[in-house]
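First up is the structure itself, then whatever we jot down about it.
The values are calculated or read from the model by the stated rules, or taken from the named source; none is laboratory data. Computed from a predicted structure; not experimentally measured. No Cβ is skipped: glycine too gets one built from the backbone with ideal geometry, and neighbour counts run over all protein chains shown. Note: areas computed on protein heavy atoms with side chains; ligands, DNA, RNA excluded. Shrake-Rupley method; radii C 1.70, N 1.55, O 1.52, S 1.80 Å.
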Amino acid sequence: MQDMKSHPPRVAPHRFTAWQNDKNAPRPFWAKDIILPKDSVLDLEGFDASAFIRSTLAEDLGQDGDITAASVIPVDARFLGVMSSREDIVAAGLPLAAAFFKALDPESEIELLVKEGDFVSASENLINLKGKARALLSSERSALNLCQHLSGVATLTRRYVEAIEGTGVTLLDTRKTIPGLRLLEKYATRMGGAQNHRMGLDDGAMIKDNHIAVAGSVTTAVHRAVDAGIKHIIVEIDHLDQIKPALDEGATHLLLDNMNPATLRKAVALVDGQVPTEASGGIRLDNIRAAAETGVTYISVGRLTQSAPAVDIGLDFTLSALF
(Lines give C-alpha, C1' and ligand atoms only; values in the text may rest on other atoms or scores of the structure.)
Protein backbone atom coordinates (compact mmCIF):
# COMPACT_ATOMS: atom_id res chain seq x y z
CA MET A 1 0.00 0.00 0.00
CA GLN A 2 1.25 3.46 -0.88
CA ASP A 3 2.18 5.85 1.87
CA MET A 4 -0.59 8.44 1.65
CA LYS A 5 1.52 10.98 3.53
CA SER A 6 4.03 11.02 0.69
CA HIS A 7 1.36 11.71 -1.91
CA PRO A 8 -0.79 14.61 -0.73
CA PRO A 9 -3.85 15.37 -2.85
CA ARG A 10 -3.35 17.87 -5.62
CA VAL A 11 -5.10 21.16 -5.02
CA ALA A 12 -5.85 23.43 -7.91
CA PRO A 13 -4.33 26.89 -7.44
CA HIS A 14 -6.72 29.75 -6.86
CA ARG A 15 -7.57 31.44 -10.13
CA PHE A 16 -7.19 35.19 -10.11
CA THR A 17 -8.68 36.66 -13.26
CA ALA A 18 -7.04 39.54 -15.06
CA TRP A 19 -9.74 42.07 -14.29
CA GLN A 20 -9.49 41.27 -10.56
CA ASN A 21 -5.77 42.12 -10.52
CA ASP A 22 -5.65 44.91 -13.08
CA LYS A 23 -8.12 47.76 -12.90
CA ASN A 24 -7.43 48.57 -16.56
CA ALA A 25 -8.15 45.06 -17.81
CA PRO A 26 -11.43 44.57 -19.68
CA ARG A 27 -14.22 43.38 -17.42
CA PRO A 28 -16.92 40.87 -18.32
CA PHE A 29 -20.39 42.35 -18.33
CA TRP A 30 -21.32 40.76 -15.00
CA ALA A 31 -18.46 42.60 -13.28
CA LYS A 32 -19.72 45.99 -14.44
CA ASP A 33 -22.43 48.13 -12.93
CA ILE A 34 -25.78 46.38 -12.79
CA ILE A 35 -28.91 48.49 -12.99
CA LEU A 36 -31.91 46.74 -11.51
CA PRO A 37 -35.57 47.71 -11.28
CA LYS A 38 -36.20 49.05 -7.78
CA ASP A 39 -39.10 46.66 -7.23
CA SER A 40 -36.87 43.66 -7.91
CA VAL A 41 -34.56 44.10 -4.92
CA LEU A 42 -34.76 44.43 -1.18
CA ASP A 43 -35.09 48.08 -0.21
CA LEU A 44 -32.71 48.14 2.74
CA GLU A 45 -31.12 51.35 3.94
CA GLY A 46 -27.38 51.19 3.36
CA PHE A 47 -27.54 48.10 1.17
CA ASP A 48 -26.17 48.38 -2.38
CA ALA A 49 -27.96 45.56 -4.19
CA SER A 50 -26.19 46.22 -7.49
CA ALA A 51 -22.73 45.99 -5.92
CA PHE A 52 -23.68 42.90 -3.94
CA ILE A 53 -25.03 41.09 -6.99
CA ARG A 54 -22.07 42.16 -9.11
CA SER A 55 -19.48 40.88 -6.65
CA THR A 56 -21.36 37.64 -6.04
CA LEU A 57 -21.70 36.88 -9.74
CA ALA A 58 -18.06 37.83 -10.36
CA GLU A 59 -17.00 35.36 -7.68
CA ASP A 60 -18.96 32.57 -9.35
CA LEU A 61 -18.52 33.36 -13.04
CA GLY A 62 -14.89 34.45 -13.09
CA GLN A 63 -13.55 35.86 -16.35
CA ASP A 64 -14.96 33.31 -18.77
CA GLY A 65 -18.41 32.77 -17.33
CA ASP A 66 -20.39 29.55 -17.07
CA ILE A 67 -18.49 27.34 -19.51
CA THR A 68 -20.87 24.45 -18.85
CA ALA A 69 -23.97 26.37 -19.88
CA ALA A 70 -22.15 27.96 -22.82
CA SER A 71 -21.03 24.59 -24.19
CA VAL A 72 -24.12 22.50 -23.43
CA ILE A 73 -27.07 24.89 -23.81
CA PRO A 74 -27.96 26.38 -27.23
CA VAL A 75 -27.72 30.15 -27.22
CA ASP A 76 -31.42 30.58 -28.07
CA ALA A 77 -32.72 27.98 -25.59
CA ARG A 78 -35.43 29.09 -23.19
CA PHE A 79 -35.91 27.98 -19.61
CA LEU A 80 -39.17 27.70 -17.70
CA GLY A 81 -38.58 26.80 -14.12
CA VAL A 82 -39.81 27.03 -10.57
CA MET A 83 -38.02 27.64 -7.29
CA SER A 84 -39.69 25.66 -4.55
CA SER A 85 -39.19 24.81 -0.91
CA ARG A 86 -38.39 21.22 -0.06
CA GLU A 87 -39.13 21.68 3.63
CA ASP A 88 -41.26 23.94 5.83
CA ILE A 89 -39.63 27.38 5.90
CA VAL A 90 -40.13 31.08 6.48
CA ALA A 91 -39.33 32.83 3.21
CA ALA A 92 -36.67 35.54 3.06
CA GLY A 93 -34.56 36.96 0.24
CA LEU A 94 -36.81 36.11 -2.70
CA PRO A 95 -36.76 39.60 -4.29
CA LEU A 96 -32.97 39.57 -4.23
CA ALA A 97 -32.92 36.08 -5.73
CA ALA A 98 -35.10 37.39 -8.53
CA ALA A 99 -32.64 40.22 -9.03
CA PHE A 100 -29.83 37.73 -9.67
CA PHE A 101 -31.81 36.25 -12.53
CA LYS A 102 -32.66 39.72 -13.86
CA ALA A 103 -29.00 40.71 -13.72
CA LEU A 104 -28.04 38.13 -16.35
CA ASP A 105 -31.31 38.25 -18.29
CA PRO A 106 -33.01 41.64 -17.90
CA GLU A 107 -35.90 40.43 -20.06
CA SER A 108 -36.63 37.37 -17.96
CA GLU A 109 -40.10 37.04 -16.45
CA ILE A 110 -40.01 36.50 -12.70
CA GLU A 111 -43.12 35.89 -10.59
CA LEU A 112 -42.81 35.90 -6.81
CA LEU A 113 -45.46 33.55 -5.43
CA VAL A 114 -45.11 34.22 -1.69
CA LYS A 115 -44.41 37.27 0.43
CA GLU A 116 -41.33 37.84 2.54
CA GLY A 117 -41.85 36.48 6.02
CA ASP A 118 -44.57 34.03 4.91
CA PHE A 119 -44.58 30.52 6.29
CA VAL A 120 -44.15 28.14 3.35
CA SER A 121 -44.93 24.43 3.48
CA ALA A 122 -42.69 21.80 1.92
CA SER A 123 -43.18 21.44 -1.86
CA GLU A 124 -44.76 24.89 -2.13
CA ASN A 125 -43.58 27.03 -5.05
CA LEU A 126 -41.73 30.27 -4.33
CA ILE A 127 -40.82 31.75 -7.72
CA ASN A 128 -41.83 31.06 -11.31
CA LEU A 129 -39.26 32.14 -13.87
CA LYS A 130 -38.96 32.20 -17.63
CA GLY A 131 -36.11 33.46 -19.76
CA LYS A 132 -32.83 32.65 -21.47
CA ALA A 133 -31.70 29.23 -20.33
CA ARG A 134 -27.99 30.03 -20.20
CA ALA A 135 -28.51 33.16 -18.11
CA LEU A 136 -30.96 31.66 -15.64
CA LEU A 137 -28.88 28.53 -15.09
CA SER A 138 -25.74 30.62 -14.63
CA SER A 139 -27.36 32.69 -11.86
CA GLU A 140 -29.12 29.72 -10.23
CA ARG A 141 -26.48 28.97 -7.58
CA SER A 142 -26.13 32.56 -6.40
CA ALA A 143 -29.89 32.97 -6.10
CA LEU A 144 -30.35 29.68 -4.28
CA ASN A 145 -27.41 30.21 -1.91
CA LEU A 146 -28.85 33.53 -0.81
CA CYS A 147 -32.42 32.30 -0.32
CA GLN A 148 -31.34 29.13 1.44
CA HIS A 149 -29.27 31.11 3.93
CA LEU A 150 -31.66 34.00 4.58
CA SER A 151 -34.70 31.73 4.76
CA GLY A 152 -32.73 29.53 7.15
CA VAL A 153 -32.15 32.52 9.42
CA ALA A 154 -35.82 33.54 9.21
CA THR A 155 -37.03 29.99 9.83
CA LEU A 156 -34.90 29.49 12.94
CA THR A 157 -35.89 32.93 14.22
CA ARG A 158 -39.58 32.08 13.86
CA ARG A 159 -39.08 28.97 15.98
CA TYR A 160 -37.58 31.08 18.78
CA VAL A 161 -40.38 33.64 18.51
CA GLU A 162 -43.00 30.91 18.76
CA ALA A 163 -41.23 29.43 21.78
CA ILE A 164 -41.79 32.62 23.82
CA GLU A 165 -45.22 33.49 22.45
CA GLY A 166 -47.50 34.92 25.12
CA THR A 167 -44.75 35.93 27.54
CA GLY A 168 -44.54 39.55 26.36
CA VAL A 169 -40.78 39.22 25.86
CA THR A 170 -39.19 40.60 22.68
CA LEU A 171 -36.62 38.51 20.81
CA LEU A 172 -33.48 40.38 19.75
CA ASP A 173 -30.76 39.45 17.28
CA THR A 174 -27.06 40.24 17.80
CA ARG A 175 -23.92 41.32 15.94
CA LYS A 176 -22.86 37.68 15.51
CA THR A 177 -23.25 37.83 11.76
CA ILE A 178 -21.20 36.73 8.76
CA PRO A 179 -18.91 39.65 7.80
CA GLY A 180 -20.44 41.60 4.94
CA LEU A 181 -23.91 40.07 5.34
CA ARG A 182 -25.15 41.86 8.45
CA LEU A 183 -27.84 43.94 6.76
CA LEU A 184 -29.21 40.90 4.96
CA GLU A 185 -29.07 38.58 7.97
CA LYS A 186 -30.70 41.11 10.24
CA TYR A 187 -33.36 41.64 7.57
CA ALA A 188 -33.96 37.88 7.71
CA THR A 189 -34.37 37.90 11.50
CA ARG A 190 -37.03 40.60 11.07
CA MET A 191 -38.82 38.37 8.59
CA GLY A 192 -38.76 35.68 11.27
CA GLY A 193 -40.28 38.02 13.85
CA ALA A 194 -37.30 39.26 15.85
CA GLN A 195 -36.36 42.87 16.54
CA ASN A 196 -33.02 44.18 15.30
CA HIS A 197 -30.58 45.13 18.05
CA ARG A 198 -27.34 47.06 17.53
CA MET A 199 -26.61 47.17 13.82
CA GLY A 200 -23.10 48.34 14.64
CA LEU A 201 -20.72 49.60 17.29
CA ASP A 202 -21.94 53.16 16.85
CA ASP A 203 -25.55 52.45 17.90
CA GLY A 204 -24.78 52.89 21.57
CA ALA A 205 -22.32 51.82 24.23
CA MET A 206 -22.16 48.12 25.08
CA ILE A 207 -19.96 47.80 28.14
CA LYS A 208 -18.94 44.15 28.42
CA ASP A 209 -16.71 42.21 30.80
CA ASN A 210 -13.48 43.08 28.96
CA HIS A 211 -14.33 46.80 28.94
CA ILE A 212 -14.99 46.60 32.68
CA ALA A 213 -11.74 44.72 33.27
CA VAL A 214 -9.69 47.34 31.42
CA ALA A 215 -11.57 50.28 32.94
CA GLY A 216 -11.16 48.83 36.41
CA SER A 217 -14.78 48.59 37.54
CA VAL A 218 -18.40 48.84 36.41
CA THR A 219 -18.65 52.21 38.13
CA THR A 220 -15.68 53.67 36.24
CA ALA A 221 -16.74 52.25 32.87
CA VAL A 222 -20.32 53.55 33.06
CA HIS A 223 -19.22 56.90 34.46
CA ARG A 224 -16.86 57.42 31.52
CA ALA A 225 -19.58 56.53 29.01
CA VAL A 226 -21.94 59.03 30.63
CA ASP A 227 -19.23 61.72 30.61
CA ALA A 228 -18.73 61.04 26.90
CA GLY A 229 -22.33 62.07 26.30
CA ILE A 230 -23.55 58.64 25.22
CA LYS A 231 -27.30 58.40 25.70
CA HIS A 232 -27.83 54.64 25.31
CA ILE A 233 -25.56 52.64 27.63
CA ILE A 234 -25.93 48.87 27.84
CA VAL A 235 -23.97 47.15 30.60
CA GLU A 236 -23.25 43.43 30.69
CA ILE A 237 -23.98 42.09 34.17
CA ASP A 238 -22.15 38.92 35.16
CA HIS A 239 -22.85 39.18 38.91
CA LEU A 240 -25.80 40.56 40.82
CA ASP A 241 -23.58 42.95 42.79
CA GLN A 242 -22.84 44.82 39.55
CA ILE A 243 -26.46 45.91 39.10
CA LYS A 244 -26.62 48.71 41.67
CA PRO A 245 -23.39 50.48 40.65
CA ALA A 246 -24.35 50.24 36.98
CA LEU A 247 -27.75 51.81 37.64
CA ASP A 248 -26.34 54.41 40.02
CA GLU A 249 -23.89 55.63 37.36
CA GLY A 250 -26.51 55.90 34.59
CA ALA A 251 -26.80 52.61 32.69
CA THR A 252 -29.91 52.63 30.52
CA HIS A 253 -30.13 48.88 29.73
CA LEU A 254 -28.76 45.82 31.54
CA LEU A 255 -27.65 42.67 29.73
CA LEU A 256 -27.92 39.76 32.15
CA ASP A 257 -25.29 37.37 30.89
CA ASN A 258 -25.38 33.57 31.24
CA MET A 259 -27.76 33.56 34.21
CA ASN A 260 -30.06 30.67 35.07
CA PRO A 261 -33.77 31.39 35.57
CA ALA A 262 -33.49 31.70 39.35
CA THR A 263 -30.70 34.28 39.06
CA LEU A 264 -32.55 36.11 36.30
CA ARG A 265 -35.55 36.51 38.60
CA LYS A 266 -33.35 37.97 41.34
CA ALA A 267 -31.77 40.36 38.84
CA VAL A 268 -35.15 41.50 37.52
CA ALA A 269 -36.32 42.13 41.09
CA LEU A 270 -33.20 44.20 41.86
CA VAL A 271 -33.66 46.29 38.72
CA ASP A 272 -37.32 46.78 39.65
CA GLY A 273 -38.30 48.24 36.28
CA GLN A 274 -35.76 51.08 36.34
CA VAL A 275 -34.32 50.08 32.96
CA PRO A 276 -34.98 47.33 30.39
CA THR A 277 -33.37 43.97 31.09
CA GLU A 278 -32.04 41.51 28.54
CA ALA A 279 -31.27 37.84 29.07
CA SER A 280 -28.38 36.67 26.91
CA GLY A 281 -25.86 33.87 26.66
CA GLY A 282 -26.54 30.17 26.37
CA ILE A 283 -30.09 30.69 25.14
CA ARG A 284 -31.45 27.73 23.18
CA LEU A 285 -34.85 26.57 22.02
CA ASP A 286 -35.09 24.20 24.96
CA ASN A 287 -34.53 26.87 27.61
CA ILE A 288 -35.70 30.17 26.12
CA ARG A 289 -39.21 29.81 27.53
CA ALA A 290 -37.89 29.50 31.08
CA ALA A 291 -35.77 32.62 30.58
CA ALA A 292 -38.73 34.54 29.17
CA GLU A 293 -40.90 33.68 32.16
CA THR A 294 -38.51 35.40 34.59
CA GLY A 295 -39.81 38.87 33.73
CA VAL A 296 -36.97 40.14 31.51
CA THR A 297 -37.79 42.68 28.83
CA TYR A 298 -35.74 41.14 26.03
CA ILE A 299 -33.89 37.97 25.14
CA SER A 300 -31.04 38.13 22.63
CA VAL A 301 -29.92 35.05 20.72
CA GLY A 302 -26.72 34.90 18.71
CA ARG A 303 -27.70 31.54 17.23
CA LEU A 304 -30.26 33.23 14.98
CA THR A 305 -27.52 34.40 12.65
CA GLN A 306 -24.48 32.53 13.89
CA SER A 307 -25.80 29.00 13.70
CA ALA A 308 -28.91 28.95 11.50
CA PRO A 309 -28.77 26.03 9.03
CA ALA A 310 -29.55 26.71 5.39
CA VAL A 311 -32.95 25.43 4.30
CA ASP A 312 -33.56 23.22 1.28
CA ILE A 313 -34.76 25.25 -1.71
CA GLY A 314 -34.42 23.99 -5.26
CA LEU A 315 -34.83 25.20 -8.83
CA ASP A 316 -36.35 22.76 -11.29
CA PHE A 317 -37.01 22.72 -15.03
CA THR A 318 -40.78 22.45 -15.54
CA LEU A 319 -42.47 20.02 -17.87
CA SER A 320 -44.29 22.80 -19.71
CA ALA A 321 -40.94 24.04 -20.99
CA LEU A 322 -40.63 20.96 -23.15
CA PHE A 323 -43.52 21.95 -25.38
Using Cα centres only, tell me the gap between the range 126-146 and the range 147-213 in whole Å.
29
Work out, step by step, the length gained on full extension between Ala122 and Leu285: first 0.36 nm times the residue separation, then minus their alpha carbon distance; give nm to one decimal.
56.5 nm
Hey, can you find the accessible area per residue of the chain for me, probe 1.4 Å, expressed in square angstrom?
53
Length released on extending from Thr167 to Ile230, taking residue separation times 0.36 nm less the Cα-Cα span:
19.6 nm
About its Cα centre, the chain carries a charge dipole, from +1 on Lys and Arg Cβ atoms and -1 on Asp and Glu Cβ atoms, whose size in debye to the nearest 20 is 520
Set Lys and Arg Cβ to +1 and Asp and Glu Cβ to -1, take the dipole of the range 236-323 about its Cα centre, and tell me which of Ser280, Leu240, Pro261 lies farthest positive.
Pro261
Cα gyration tensor shape of the range 57-198, rounded if a/c is under 1.5, else prolate or oblate by comparing a/b with b/c
prolate
Bins of 20 Å from zero: percent of alpha-carbon pairs in the chain
27, 43, 27, 3
Rounded to the nearest 0.05, what FRET efficiency is calculated for Ala77 and Ser307 with R0 set to 41 Å and r the Cβ-Cβ distance?
0.50
Would you mind telling me the antiparallel percentage of the DSSP bridges in the chain, rounded to 5?
50
Over all directions, the average projected area of the alpha-carbon convex hull for the range 239-307 comes to how many nm²?
4.5
I'd like the orientation of helix 261-271 relative to the chain: the angle between its Cα long axis and the longest Cα principal axis, in ° from 0 to 90, rounded to 10.
60
Here the gain from full extension of Leu44 to Asn258, 0.36 nm per residue of separation minus their alpha-carbon distance, amounts to 73.8 nm
Rg followed by Dmax, in Å, when the range 188-314 is reduced to its Cα trace:
15.6, 55
What distance in nm separates the simple spin-label points at Glu293 and Glu111, each placed 7 Å from Cα in the Cβ direction?
4.8
Counting only Cα, what are the radius of gyration and maximum Cα-Cα distance Dmax of the range 125-186, in Å?
16.2, 51
Okay, which of the range 181-209 sit inside 15 Å, backbone N to the point 7 Å along the Cα-Cβ direction of Asp238?
207-209
Computing the accessible area with a 1.4 Å probe over protein heavy atoms, can you report the carbon and sulfur percentage for the chain?
51
Past the 25 Å Cα-Cα mark, which pairs from Lys115/Lys186; Lys208/Lys244; Lys176/Lys266; Lys186/Lys231; Lys186/Lys244?
Lys176/Lys266; Lys186/Lys244
Within 13 Å, Cβ to Cβ, of Ala97, how many net charges do the neighbouring residues add up to if Lys/Arg are +1 and Asp/Glu are -1?
-1
